[in-house]
Structure formats: structure tokens, C-alpha cells
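The values are calculated or read from the model by the stated rules, or taken from the named source; none is laboratory data. Small disclaimer: the values here were computed from a predicted structure and weren't measured. Backbone-built Cβ (ideal geometry, glycine too); neighbour counts: all protein chains shown. Please note that ligands, DNA and RNA were not included when accessible areas were found on the heavy atoms of the full protein model with its side chains. Shrake-Rupley method; radii C 1.70, N 1.55, O 1.52, S 1.80 Å.
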Amino acid sequence: MHKPPKERMKNDPKTCEQQPVTGCLLSAAFFGALGSSFIYGYNLSVVNAPALYIKAFYNRTWVQRYGEPLAVETATLLWSVTVSIFAIGGLLGALSVSVIIKVLGRKGTLLLNNSFALLAALLLTLGERAQSFEMLIIGRLIIGVDSGIALSVLPMYLGEITPRHIRGSIGQFNGILICFGVFTGQVLGLPELLGQEARWSYLFSFLALPAMLQLCVLPFLPESPRYLLIERKDEAGAKRAFQRFLGKKDVSRELEEVRAEAQVQDNMHTASVLQLLRNPAVRWQLITIVISMACYQLCGLNAIWYYTSGILREAGFAENLLPYITLSTGAVETLAAIISGLVIERIGRKPLLIFGFSSMAVFYSLLTVFLKFQDSQSWMHYLSYACILAVIASFCSGPGGVPFVLTGELFEQSYRPAAFTVAGTVNWLSNFTVGLVFPILQEKLQSFAFLLFVVVCVFGSVFLYAVLPETKNKTFMDISQSFAKINQIPVPSPGQETELVLSGERSTDGKVHDVAKMESSF
């Protein structure tokens, strides 16, 4: 009996044969992440060390312009805008992705994005010399746009160029380089390096380096073969891309898999965000991504940085030692992300997410207790700091990177750009909300503010346990069909798949045609 392509692939022993990772694939993952997610992570931490110097620069500039010191309220407002406008830029970048990527493709959009990073580096570096704090604020906005585009396009690109048996590990380059970027910002911000009044502007000059490195390497790497075949109808280009990424000449099985996906989407164009929101066949994939991304930001890791220095200070550490001790948070963050990337294909996405959120809930609860009683016992401060490190490690073990991998996996080609636009919008709006609301909550609730993050983490764990299917080593079509039951969409029978994929014929009575419409909407 003739088997449909998908069934043949599952039963074919060659399907499970794991090819060695090629230099081309590793270069795409590393340099793609270096000029994208690394820059995002770097900008999360780089403004912390020179904060006092930047505020002093704002005051000097104000005095030179208006002949009087900067009012406290105005100074607070200018600094708040400088910090928060990064998230507004990120939102603008995320909203623009679906338009840019349709014209330039995945690789082309990443290359274009470097222009934002270079322009931002120029403005942020020269702002002090030009005596213009407006240049710093505009530079932060532009680097936010760069980060918003990067966090949507890079996971999409990595997910489409990687064999499914290592898709999670390669996808975690995004999370690893975010953490490494945070750690690099902390290291370069040390007083012995660039964290001095005479050198703080060079912290922003460093942004040009990863962007230039990506510009030097990425043009010589292939475009996403899925994008070339499904959207550009360039089968020869897709074949060459697969051959370079996989390091083998015979890529017929990979092309057949993409053709199968292209066949059921034959009449589909790249969907808009509105079409994505209206389609019941992807409803629960969309809900899953929205909740994962919201929990990614609302789980409170940004608030952890707010407490770290205060806890160390109260524990009796000298003020001049705090920057060095705080480096441990960046080191733990990076190490946990690397370990997550190494084990994700063995453990799976779902267990890592559930473990990460559950562990964060436990350590947040303990941190609340330790903070409440830290004045009664001197050693309680050390337990509080240990809980902070545990929260950071738990976050980076799964919730810190896997949601980006999932966004690329839960949607097929036609809906993927719109899905990343929605995920990016939720990500940046949640980021902005935490920055705006947490200081108010912390002032009202003190240490009990962390209990709100416990609720978020528990909710995320329960939801993902109940709804999310495991996606490791599955094709995009298989993953979409895993949601068919909860979306209340019939799964095509093997016979229908054969007719749809092999012959592309549609029956005249409309039955198979209806199935094709439903499948294409995945």
C-alpha cells in the first residue's frame, strides 16, 4: 500500500539519522545571534553602570542651555524616558517585521537591521560631545527598533534553516547570546574598564562591533530554504541552501518535506495579523504564544535586578565591591542558558518551560520570606541573594529562551511572520508594563510584590502543562496537527493527505478541498 510522504518520512530510518552540525549552520546561528539578540541583551544592562554619569551629563547640558540646574522632577522624567523608550522602540520594530520580511526575506531583514544598530551607536556615542541628551534618547529609541526586529526575525530564521532534531539547540543561540550580552554589559561597565565618567560613552560605541561582525559574515550565508521554496518559488536556491546548511548533496527528503507544506498552502499568501487573529485553526497556538511571551516578561526577572544591589548592600558588602559581586548574576544567567541549549533536545521544550516557571515560583516564595525576616538575622541576606541567583538560573533554563523557539515552531510558513509580530508586540508591551508598574507596586507592597510574580509563574506552568504539546523533533505540519483537537479542526486522514500532497488534486464535491483549506490555514 502506498504511504503518504509524512508517513514514509516517519518510518524511514534515514529520517532519524542525525547529520553532523555544519560550520555554515553554526556560523548562521552564532553571527546571526551576535548581531541581533546579543545587542538586545547588552542594552538591557549597559545603562546601569553609567547611570549617574549620564544624569550628570543631562544636568550639565541643561545648565549650559538655560543657565540653571535641572529640576528634580525634570531629571527624573528625562531619565525615565531614556530607559523606557527602549521598549517603545522594540514595539515599533516588532510591528514592522511582517512588512520588511515580506520584501527582504529573513537574511535580508537581519542585514538591514544592522543599519539601525550602527546609527544608534553613532548617536549614543556622540551625544555627550554634541552636548545633546536628545541624541541619547533618540539613540535608545533606534536601538530598541533594532532589538524589536531582531527578536522576531532571528528565531524565525534559525527555526527555518535547522534540521528538526537540533532545532531547539540551535534556536537557543538566541537566548544564550541575550544572556551573554547582559553579562558583557556588566563586565564592560566595571570601573576599571568603561564604567568611568571619562569613558562611559564608549560603552555605546561597542554596539557597532557585533553589528559589523554580522555584516561581514551573514552576506556569505544562505537565505532560509523554506522562504526561498515556499514564498519565492525558488527551488534551485532552496536546494543550494539546504546543501550548505546540512553539508550534504542529497537533500531530496528535506525538499520533499517543504514541498508537502507548500502544497497544502498552495493558495495561501503570507497572512496578515488580522487573518491570524481571525483563524480558528491557529487559535490555541496563538493563545499559547501570547501567554508564553507575557509570562516571559511578567515573571519578574527585570524586577530582580532592582533588588540585587540593595540586598548585597544590606548584607554588609562594601559599595565598591557590588559591581563585581553582581557579575555573578550575569555569569549564572549565561551558564544556565548554555546548559538549557545542550539539554533541550533530550528533555524537550515543555518540561523546560514548566520546570523553569515552577522553580521561579518556589524561589520567589522563599525570597519573600527571607526579605521579610532579613533584619532579624544577618545571615538571611545571603539566603536572599542565593534565591536571586536561583530565580535567574530557573528563568534561563527555559522561560528565557524557549518561547522564541516555540513561536517559530507552532506556526507554518504563511502564518509565521504575523505570529512573530503578535509575539513581539506582547513581549514589548509587557516589558514596558513591568517597568512602569513594578516601582509603584514595590513601594506599596515592599517584599510582598514578589508574590504577584509567583501567581504569574504558577499560571504559566499550569497553562503550558494543560495546553502545550511537545514539539521536539517534529515537523511544522506535525506540530500544527497536534493542536487540531483543541482547535476543533478535523485532522486529514492518510488518504486525504496523499491526495493533497502528492497529486495536489481537489475533488469536485468539495470535501477534500475543504480539508485543504483547513490544512493550509495551519
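Would you pick out the residues in the range 336-370 that are touching a His at 6+ places or on another chain (Cβ under 9 Å) and not acidic (Asp, Glu)? Give the steps one after another, and end with the answer.
Just the residues of the range 336-370 that are touching a His at 6+ places or on another chain (Cβ under 9 Å), to begin with: 345, 370.
Across the range 336-370, the qualifying residue is only Phe370.
Taking the range 79-110, which residues are open to solvent by 40 Å² or more (accessible area, probe 1.4 Å) and within 24 Å of Arg232 (Cα to Cα)?
Hits for the range 79-110 are Leu95, Val99, Lys102, Val103, Leu104.
Within the range 440-463, can you find the residues that are open to solvent by 30 Å² or more (accessible area, probe 1.4 Å), in contact (Cβ under 8 Å) with a residue 40 or more places away in the chain and more than 13 Å from Leu371 (Cβ to Cβ)?
The answer is Leu452, Val456, Val458, Phe459.
Determine if the range 263-274 includes at least one residue that is open to solvent by 60 Å² or more (accessible area, probe 1.4 Å), at pLDDT 95 or above and either among the aromatic types (Phe, Trp, Tyr) or outside any loop (DSSP other than H, G, I, E, B) (or both).
No.
Whether any residue in the range 367-385 is surrounded by 16 or more Cβ atoms within 10 Å (Cβ to Cβ), of a type in the set (A, V, I, L, M, F, W, C) and under 19 Å from the mean Cα position of the chain (by Cα) is what I want to check.
No, there is no match, as no residue in the range 367-385 is surrounded by 16 or more Cβ atoms within 10 Å (Cβ to Cβ), of a type in the set (A, V, I, L, M, F, W, C) and under 19 Å from the mean Cα position of the chain (by Cα).
In the set Leu322, Leu342, Leu301, which member is open to solvent by 30 Å² or more (accessible area, probe 1.4 Å) and at pLDDT 80 or above? Walk me through how you get there before you give the answer.
Details: Leu322 fails: open to solvent by 30 Å² or more (accessible area, probe 1.4 Å); Leu301 fails: open to solvent by 30 Å² or more (accessible area, probe 1.4 Å).
Answer to the selection: Leu342.
Can you tell which of Ser169, Ser147, Ser152 is open to solvent by 10 Å² or more (accessible area, probe 1.4 Å) and polar (S, T, N, Q)?
Numbers: Ser147 fails: open to solvent by 10 Å² or more (accessible area, probe 1.4 Å); Ser152 fails: open to solvent by 10 Å² or more (accessible area, probe 1.4 Å).
Testing whether each residue is open to solvent by 10 Å² or more (accessible area, probe 1.4 Å) and polar (S, T, N, Q) leaves just Ser169.
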